[in-house]
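Participant: The following block contains the structure, expressed as structure tokens.
Readers should treat all values here as calculations from the given coordinates under stated rules, not as data from a laboratory. Please read these numbers as outputs of a predicted model, since none were measured by experiment. Positions of Cβ are backbone-derived with ideal geometry, glycine not excepted, and every protein chain shown enters the neighbour counts.
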């Protein structure tokens, strides 16, 4: 009986699927669970931008974009279910916003030939396009982030970190473990001492970790956190009176909802960011064309927030890649394989971002066959609690490619040999 | 009407004590096997295999495993997730260390390794019972997850701590890795399920199963009539862990392909499988299947109906889904505390007499 009902439901799902002419962009979002605070604004931004393109420009190259949302709850099993449910609908690109689901999908998208874009998360070594044909992680990745943070600290300390101690507080998962290798390599180069402290999912309990930090008194704490873990960490840092200006989160630990629960005590907390936040003209367009028509994703309260901006930026990169693909192949009805070509030929320069109504939202970068990782640049921002605003402290900082490039090469080559892949672009 | 038992005579003891003594049940069982082996593999697609059938089959194995320990032997365990992790990591280490050996042997070996670990953590059950044993197995859960996170040898020193299954074949057909076809995935899991369920059913009907049930019903009385509690409890832990280890190995290698221990084998997995066993029915093989079906299929079904069919927002649907599943669990347990298996048993008694109940 259940099977019958399920197949009836599945039949209904298939019947309700879009006409084939639409360009399908699945949105594997999470609006429930311990990570929803980050998932909601990102997904709102992602969907609102596609709605804007449909309403204002009549679609991408004249073809409407269709967003299929699927709730993963940041859970890999549900992620697999979502992927299988949407891939047959002509999905052009997947952006799961979860490193765990990304690891799951990398082999699957390579077999199914659908591009996967993991912007600032996922498997770092996917930046090597010679090995990972279907996976992209421009404009930046975790190892870039780790290097940008250390570069910023170098600047703060007059170029010398020797004798300093840095503690990495990380989410005990593939996501949190990613930067450890890079930070270790950098510690050899710059002479600081690195300690790592894991926080288990979901991260609501961090008393012992902060007790350890209080006892060890590191000069700096770098955090690789996500979801509820961020808020708790910032509150705990305030509780032990850790100097906030020495506490730096990565770009997934630097949104408004992370700092506001700690109130004034969070003032001075720093985080990285891969996209600038500002009052872009594109937000006004979203307001008139999407929100005022009642088409807003979610409750519409997130416009302009850090993760909303990033979700919108992700959609913007996807739309630009689709446009590039349409140009290359001379057809508006692109397939996933054409989309991949578009992503590989994507160029984001200042003029383009200006024309899109978001001047300077991201760094300038170009993607190529060998380089799927973009420039890797990031900024450092600081929370101003009294004004309730993130203030950018730096311009885009270039990561230390001398350290990262060999690591990417090594890790991606290991993947290639494990899976008997031959190198591309040669 | 449904059951026509006229003329269904038993002329020998072995006929009378078979698993399906009623002819109609027996035919239905064969029909299910035929459909499962000869029909579904030809029609199954990626979505049905990956989102519905494979997880259902794998959770069924795990539920049978836990049912042997909790339902038949009466030892409450909250360490299922941890034992599944042992199976998964054992399978991963074997797959990468001996790439030429068949994956089927690796999965079975992973089961034996888990059985060993299960016996180790089962030793305290000789001294402690009930809630205290539950807490001891809870410690096993947390210890094992911590261990697989802490010691990089288990994940071959990969930077992210993830383990991912390389491609392995059975008779030249890929059953793990991304190129696996839907039917191959389904069939390999189905084979394990059928063999293991058949073995479990027969184990629980024999001497060893009876000694487990004696311990469950009253351990002191069982000891007095000559059941060795050491042997009974430890075999229950070993067999149960063997099943759970195989479930963990298949879960990692065939179903997901890549896992990280904290997310895939955390405490919520232990609870999920315990709920399957309780909802399905303690001490019933059919109940293990029913419980796994209930907790695997129902959320997917609700999601498809609410989001796909009725076009609800995904977050609302996800929350409503939790509420509906929760409410149904409560309703079922109030209506029938012995689970779906007992509902089926009662229903069958009624059907056998229908339409002339006395």
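Participant: How many nm separate the modelled label positions at residue A:419 and residue B:9, each set 7 Å beyond the Cα in the direction of the Cβ?
Facilitator: Reported label-point gap for residue A:419 and residue B:9 is 6.6 nm.
Participant: So, one more: Cα atoms only: what Rg and Dmax, in Å, come out for the range B:182-262?
Facilitator: 16.6, 52
Participant: Compute the distance from the alpha-carbon center of the range A:61-85 to that of the range B:199-269, in whole Å.
Facilitator: Spelled out, the Cα-based centre of one part sits 37 Å from the other.
Participant: In whole Å, what are the Cα extents of chain A along the three principal axes, biggest one first?
Facilitator: Principal extents (largest minus smallest coordinate, Cα): 61, 54, 50 Å.
Participant: Along each of its three principal axes, how wide is the spread of alpha-carbon positions in the range A:88-202, in whole angstrom units, largest first?
Facilitator: 55, 31, 19
Participant: If you count, for every residue in B:49-58, the Cβ atoms of partner chains within 10 Å of its Cβ, what is the mean? Mind dumping the intermediate values first?
Facilitator: Details: counts 1, 7, 10, 7, 1, 1, 3, 1, 0, 0.
Average per residue, whole number: 3.
Participant: To continue, here is another question. Compare the peptides B:44-55, B:92-103 by average per-residue count of other Cβ atoms within 10 angstrom and give them in order, highest first.
Facilitator: B:44-55, B:92-103
Participant: With N residues in the range A:17-147, what two-decimal value do you get for its Cα radius of gyration over 2.2 N^0.38 Å?
Facilitator: Ratio of Cα Rg to 2.2 N^0.38 Å: 1.04.
Participant: Of A:343, A:338, how do they rank once you tally other Cβ atoms within 10 Å and put the fewest first?
Facilitator: Ascending number of Cβ neighbours within 10 Å: A:338, A:343.
Participant: Also, I was wondering about something else. Tell me, rounded to the nearest percent, the portion of alpha carbon pairs in the range B:34-118 spaced more than 16 Å apart.
Facilitator: Above the 16 Å cut-off, the range B:34-118 has 64 percent of its Cα pairs.
Participant: So what is the diffusion coefficient of the range A:174-328 in µm² per second by Stokes-Einstein at 10 °C and 1.306 mPa s, using a Kirkwood Rh over Cα pairs?
Facilitator: Numbers: Rh = 17.9 Å.
Answer from the Stokes-Einstein relation: 89 µm²/s.
Participant: Consider just the alpha-carbon atoms of the range A:18-61 and return their Rg together with their Dmax, both in angstrom.
Facilitator: For the range A:18-61, the Cα-based Rg and Dmax read 12.7, 38 Å.
Participant: Once you have the Cα-Cα distance between residue B:286 and residue B:139, take 0.36 nm times their residue separation minus that, and quote the gain in nm to one decimal.
Facilitator: Difference between extended and current length: 50.0 nm.
Participant: Using Cα atoms only, what is the angle between the long axis of helix A:306-329 and the major principal axis of chain A, expressed in degrees (0 to 90) to the nearest 10?
Facilitator: In chain A, helix A:306-329 runs at an angle near 40 degrees to the longest axis.
Participant: Between residue B:147 and residue B:268, take the C-beta separation as r, use R0 = 22 Å, and let me know the FRET efficiency to the nearest 0.05.
Facilitator: 0.75
Participant: Among B:131, B:56, which comes first, second and so on when ranked by fewest other beta-carbon atoms within 10 Å?
Facilitator: Result, fewest neighbours first: B:131, B:56.
Participant: Moving on to the next point. Using a 10 Å cut-off around each Cβ, can you sort B:312, A:224 from fewest to most neighbouring Cβ atoms?
Facilitator: B:312, A:224
Participant: Here is a follow-up. Based only on Cα atoms, what mean projected area does the convex hull of the protein assembly as shown have, in nm²?
Facilitator: Here the figure is 36.5 nm², rounded to one decimal.
Participant: Okay, next question. Let me make sure I get this right: for the range A:264-349, a, b and c are the square roots of the gyration tensor eigenvalues over alpha carbons, sorted descending. Under 1.5 in a/c it's rounded, otherwise prolate if a/b > b/c, else oblate. Which is it?
Facilitator: Cα axes put the range A:264-349 in the oblate bin.
Participant: Once R0 is set to 30 Å, what does the formula 1/(1 + (r/R0)^6) return for the Cβ-Cβ distance between residue B:18 and residue B:100, expressed as a FRET efficiency to the nearest 0.05?
Facilitator: 0.15
Participant: Can you tell me what the convex hull of the Cα atoms of the range A:332-384 projects to on average, as an area in nm²? Could the numbers behind the result be given before it?
Facilitator: Details: hull surface 21.8 nm².
Averaging across all directions leaves 5.4 nm² for the Cα convex hull.
Participant: Across the range B:95-190, how large is the tail of the calculated P(r) beyond 24 Å, expressed as a percent of all Cα pairs?
Facilitator: Beyond 24 Å sits 42 percent of the P(r) for the range B:95-190.
Participant: Hey, what D do you get for the range A:299-426 in µm²/s if you plug the Kirkwood alpha-carbon radius into Stokes-Einstein at 20 °C and 1.002 mPa s?
Facilitator: Calculated translational D: 123 µm²/s.
Participant: Given the Cα atoms of the range B:40-265, and with Rh set as the inverse mean 1/r over their pairs in the Kirkwood sense, what is Rg to Rh to two decimals?
Facilitator: 1.00
Participant: For the range B:270-358, what is Rg from Cα atoms divided by 2.2 N^0.38 Å, rounded to two decimals?
Facilitator: Details: Rg = 15.6 Å, N = 89, 2.2 N^0.38 = 12.1 Å.
The value comes to 1.29.
Participant: Against the longest principal axis of chain A, how steep is helix A:401-418, in degrees 0 to 90 to the nearest 10, with axes from Cα atoms?
Facilitator: Roughly 50 degrees, rounded to the nearest 10.
Participant: Can you pull the mean other chain C-beta count within 10 Å for peptide B:251-260?
Facilitator: Mean inter-chain Cβ contacts per residue within 10 Å come to 5.
Participant: Which three extents, in angstrom, do the Cα atoms of the range B:212-349 have along their principal axes, listed largest first?
Facilitator: Its Cα atoms span 62, 42, 23 Å along the three principal axes.
Participant: Starting from the Cα of residue A:193, step 7 Å toward the Cβ, then list every residue of the range A:205-242 with an amide N under 20 Å from that point.
Facilitator: Inside the label zone: A:209-223, A:242.
Participant: Something else: Rounded to the nearest 0.05, what FRET efficiency do residue A:345 and residue B:195 give with R0 = 51 Å and r taken as the Cβ-Cβ distance? Could you check? Please list the in-between numbers first.
Facilitator: Working: r = 52 Å, r/R0 = 1.02.
Computed FRET efficiency for residue A:345 and residue B:195 comes out at 0.45.
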